[in-house]
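A.B. asks: This is the structure I want to talk about, given as structure tokens.
Quick note: the coordinates plus some simple rules give every number you see, no bench work behind them. This one's a predicted model, so the numbers in the text were calculated from it and none came from an experiment. When we count neighbours, we look across all protein chains shown, and the Cβ atoms used for this are built from the backbone with ideal geometry, even at glycine.
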Amino acid sequence: MAVNTSLRFHAGILDADNIRATVLSHLFVDDGQTLAQVNTALQAWLTALTAIEGASIITASAGLYAAVGASQAGKPVAGSEVEETGVWSFNQTGTPFRYGQAVPGLLETVIVADEIDPTNAGVIAWEALLTSAVLGGHYTGNDNDALASVYKTFRSVRKRRKQLIAKSTNIR
């Protein structure tokens, strides 16, 4: 067993005035721990936090900090903007609700005719990944309903919204 993995525990809290805040604790742990063991440690952390916390804990999570691989690291693509956001709206199994997965910093090469190109190899791979099995389970929306298929995609950028509003109201 080697202590070699960074982990974080997070709690979202809400006070009596409905003001939200966050509590974070960072951990350096053995990567041989199971999800059940991580959850047990998270529950112990939440119990200890509750003993000193006057606000209500409304969310809790554990997050793994993974090393970024050489193929993912490096300088940003010239001209890239995190404002250039693509949104994938997914149908989910067992519910009529859809889940939107935002991707900031969308590559210009996946945009054709001012829309996300459904024939782009990267777009196809992203959609296939998010609708496939993972770790004995599946990718989900907020309520653990499996992502089933892509309902639609769209760009969500301020410049794009401004263009659409100007176009629809003839304001220039």
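A.B. asks: Cα axis of helix 35-50 to longest principal axis of the chain: angle in degrees, 0 to 90, nearest 10?
C.D. replies: Helix 35-50 and the main axis of the chain meet at about 70 degrees.
A.B. asks: Let me ask something else. Measure nothing but the geometry: give the 0 to 90° angle between the long axis through the Cα atoms of 121-130 and the longest principal axis through the Cα atoms of the chain, rounded to 10°.
C.D. replies: Around 40 degrees separate the two axes.
A.B. asks: Tell me which GluC sites (Glu not before Pro) from the range 1-92 have a DSSP coil assignment and no more than 10 other beta carbons within 10 Å of their own. Walk me through the numbers on the way to the answer.
C.D. replies: Values: sites: GLU53, GLU81, GLU83, GLU84; in loops: GLU53, GLU81, GLU83, GLU84.
In loop regions of the range 1-92 (DSSP not H, G, I, E or B), there are no sparsely surrounded GluC sites (Glu not before Pro).
A.B. asks: For the chain, with a Gaussian network of springs between Cα atoms less than 10 Å apart, report the residue from ASP17, ASP31, ASP117 with the top mean-square fluctuation.
C.D. replies: ASP17
A.B. asks: Compute the helix-to-body angle for 158-169: its Cα long axis versus the longest principal axis of the chain, expressed 0 to 90° and rounded to tens.
C.D. replies: Roughly 40 degrees, rounded to the nearest 10.
A.B. asks: Another question about this same structure. In 10 Å bins starting at zero, report the fraction of Cα pairs in the range 3-65 per bin as a rounded %.
C.D. replies: 21, 50, 23, 6, 0
A.B. asks: Right, next: Averaged over every viewing direction, what's the projected area of the C-alpha convex hull for the range 56-154? Give it in nm², one decimal, please.
C.D. replies: Taking a quarter of the hull surface, the average projection is 8.9 nm².
A.B. asks: Once label points are set 7 Å from the Cα along Cα→Cβ at both ASP117 and GLU83, what is their separation, rounded to one decimal in nm?
C.D. replies: 2.4 nm
A.B. asks: Given the Cα-Cα distance of VAL3 and GLN37 and 0.36 nm per residue of separation, how much length would full extension add, in nm?
C.D. replies: Additional length available on full extension: 10.8 nm.
A.B. asks: Could you give each residue of the range 141-151 its phi-based ³J(HN,Hα) in whole Hz, using Karplus coefficients 6.51, -1.76, 1.60 with θ = phi - 60°, and x for Gly or Pro?
C.D. replies: For the range 141-151, the Karplus curve yields x, 5, 10, 6, 7, 4, 6, 9, 7, 7, 7 Hz.
A.B. asks: Please list the non-local residues whose amide H lies under 5 Å from the amide H of SER156, H modeled 1.01 Å from N, same-chain partners needing a gap of 5 or more.
C.D. replies: So SER156 has HN proximity to THR85, GLY86, VAL87.
A.B. asks: Report the normalised scattering of the chain as log10 I(q)/I(0) at q = 0.13 Å⁻¹, calculated by the Debye formula with identical scatterers on the alpha carbons.
C.D. replies: These q points yield log10 I(q)/I(0) values of -0.97.
A.B. asks: Name the residues whose placed amide hydrogens come within less than 5 Å of the amide hydrogen of ALA60, ignoring near sequence neighbours (fewer than 5 apart) on the same chain.
C.D. replies: The answer is GLY12.
A.B. asks: For a paramagnetic label modelled at 7 Å from the Cα of THR59 toward its Cβ, which residues of the range 102-139 fall within the zone defined by backbone nitrogen distances under 19 Å?
C.D. replies: It comes to 102-104, 139, nothing else.
A.B. asks: Which Cα, out of THR34, GLN72, TYR151, lies furthest along the positive dipole direction of the chain (beta carbon charges, K/R +1, D/E -1)?
C.D. replies: Most positive-ward Cα: TYR151.
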